[in-house]
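Read through the structure below, which is laid out as structure tokens, and then see the notes.
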Amino acid sequence: MPVFVCFLLGLTPLLWLLLYSWQGMLGANPVELWLRLSGDWGLWCLLLTLALSPLSRWRMLQGVLRWRRMVGLFSFFYALLHLTVYLVLERALSWEDIAQDIGKRPYITVGILAFVLLLPLALTSPRRIMLRLGSTRIGWHRLVYPAALLVILHFFLQTRADWHVPLLHAVVLAVLLAWRLVR
Ligand code: HEM
């Protein structure tokens with residue numbers, strides 16, 4: 001699959017959201033939909049990044065590992081979009097309200113911690129920096145494990161009703177981490 005196809009696939013969720021926003025088809029609370037869906041895509045790309053190693057063990061999927069960096073960067077891209085929607089559209093850059101949120105809503109604090117752990121992964125992804133870091137990059141990239149665990153905790157803490165949704169994501173993450181431990 002050519003690189004630009006993988007890139008377009010990664011951008012499709014955002015293009016879909018932009019199109020539906022432009023057509024006014026996002027229902028009564030478009031900001032909440034932007035916030036939730038950008039969070040979902042950030043998490044799904046993160047889980048897909050972790051799934052590429054076990055998938056590449058299958059002979060016919062051996063080549064999927066070359067997409068790992070791009071999928072990982074899309075996870076960060078959607079997490080960044082998620083944070084931007086929260087700061088700008090949900091909280092209108094009111095630092096007072098944001099500080100109150102951090103104080104009162106643990107899931108916001110956990111979300112910020114997860115984002116802080118994803119940041120060095122994104123910053124050390126450009127090829128030039130990867131080459132300069134050499135094998136120390138592997139240490140940095142182990143941050144993906146606590147980051148993924150924090151995102152799942154963030155998902156659980158913000159859930160008011162359907163526990164089975166974050167639970168399903170937690171099971172997928174547990175399987176991906178168990179595979180690594182066994183291996
Ligand atoms: C940077 C700090 C973060 C903030 C301030 C934040 C804020 C929020 C808020 C306010 C919600 C609730 C949305 C609602 O139902 O109204 C939420 C949900 C969510 N966030 Fe975050 N978040 C952060 C980081 C992250 C990161 C890094 C990820 C994943 C990579 C993520 C993934 C999710 C997911 C999956 C949901 C649940 C969406 C759903 O209900 O389908 N968040 N976040």
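The values are calculated or read from the model by the stated rules, or taken from the named source; none is laboratory data. All of these numbers come straight from a predicted model, not from anything done at the bench. A quick note on method: Cβ atoms are made from the backbone with ideal geometry, for glycine too, and the neighbour counts reach across all protein chains shown. In case anyone asks, the SASA skips ligands and DNA or RNA and just uses the protein heavy atoms, side chains included. Shrake-Rupley method; radii C 1.70, N 1.55, O 1.52, S 1.80 Å.
In the range 105-128, how many are away from the ligand (no atom under 16 Å from the Cβ) and over 18 Å from PHE74 (Cβ atoms)? It would help to see each step written out before you state the result.
Step one: list which residues in the range 105-128 are away from the ligand (no atom under 16 Å from the Cβ), which gives 124, 126-128.
So of that shortlist, the ones also over 18 Å from PHE74 (Cβ atoms) come out as 128.
Result for the range 105-128: 1.
Would you mind stating whether THR49 is touching a Gly at 6+ places or on another chain (Cβ under 8 Å), among the polar types (S, T, N, Q) and on the phi < 0 side of the Ramachandran plot? So THR49 fits the description; yes. Condition (residue is open to solvent by 40 Å² or more (accessible area, probe 1.4 Å) and modelled with pLDDT of 95 or more) applied to the range 121-128: is it met by at least one residue? Within the range 121-128, none of the residues are open to solvent by 40 Å² or more (accessible area, probe 1.4 Å) and modelled with pLDDT of 95 or more.
Here is a check on your reading of the model: is GLY42 touching a residue at least 60 places away in the same chain (Cβ under 8 Å) and within 14 Å of the ligand (Cβ to nearest atom)? Judged against the criteria, GLY42 is a match.
Scanning the range 34-63 for residues that are in contact with a helix residue (DSSP H, G or I) (Cβ under 8 Å, 6 or more places away or on another chain) and farther than 22 Å from LEU143 by Cβ yields a total of 4.
Each row is one residue, and each column tells you yes or no for (1) in contact with a Ser or Thr (Cβ under 7 Å, 6 or more places away or on another chain); (2) over 19 Å from PRO13 (Cβ atoms); (3) among the hydroxyl-bearing types (Ser, Thr, Tyr); (4) at pLDDT below 95.
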{"position": "ARG59", "(1), (2), (3), (4)": "no, yes, no, yes"}
{"position": "LEU65", "(1), (2), (3), (4)": "yes, yes, no, yes"}
{"position": "SER75", "(1), (2), (3), (4)": "yes, no, yes, no"}
{"position": "TYR78", "(1), (2), (3), (4)": "yes, no, yes, no"}
{"position": "TYR107", "(1), (2), (3), (4)": "no, yes, yes, no"}
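Please count how many residues of the range 129-150 are part of a loop (DSSP other than H, G, I, E, B) and loosely packed, with under 13 Cβ neighbours inside 10 Å. It would help to see each step written out before you state the result.
Quick first cut of the range 129-150, residues part of a loop (DSSP other than H, G, I, E, B) only: 134-135, 142-143.
In the following step, the residues that additionally are loosely packed, with under 13 Cβ neighbours inside 10 Å were identified as 134-135, 142.
Residues flagged as part of a loop (DSSP other than H, G, I, E, B) and loosely packed, with under 13 Cβ neighbours inside 10 Å within the range 129-150 amount to 3.
GLY10 falls short on exactly one of the conditions (1) open to solvent by 30 Å² or more (accessible area, probe 1.4 Å); (2) under 27 Å from VAL171 (Cβ atoms); (3) of a type in the set (Gly, Ala, Ser), and that condition is (1). Scanning the range 73-104 for residues that are within 11 Å of the ligand (Cβ to nearest atom) and open to solvent by less than 40 Å² (accessible area, probe 1.4 Å) gives PHE74, SER75, PHE76, TYR78, ALA79, LEU81, VAL85, TYR86, LEU87, ILE98, ASP101.
Yes or no, residue by residue, for (1) open to solvent by 30 Å² or more (accessible area, probe 1.4 Å); (2) within 16 Å of the ligand (Cβ to nearest atom):
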site: GLU32; (1), (2): yes, yes
site: SER38; (1), (2): no, yes
site: ARG59; (1), (2): yes, no
site: ARG69; (1), (2): yes, no
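Looking across the range 129-161, the residues that are at pLDDT 85 or above, out of contact with any Pro (no Cβ under 8 Å at 6 or more places or on another chain) and within 9 Å of the ligand (Cβ to nearest atom) come down to ALA147, ALA148, LEU150, VAL151, HIS154, GLN158. Within the range 57-105, being more than 22 Å from TRP41 (Cβ to Cβ), in a helix (DSSP H, G or I) and among the small types (Gly, Ala, Ser) holds for GLY63, ALA99, GLY103.
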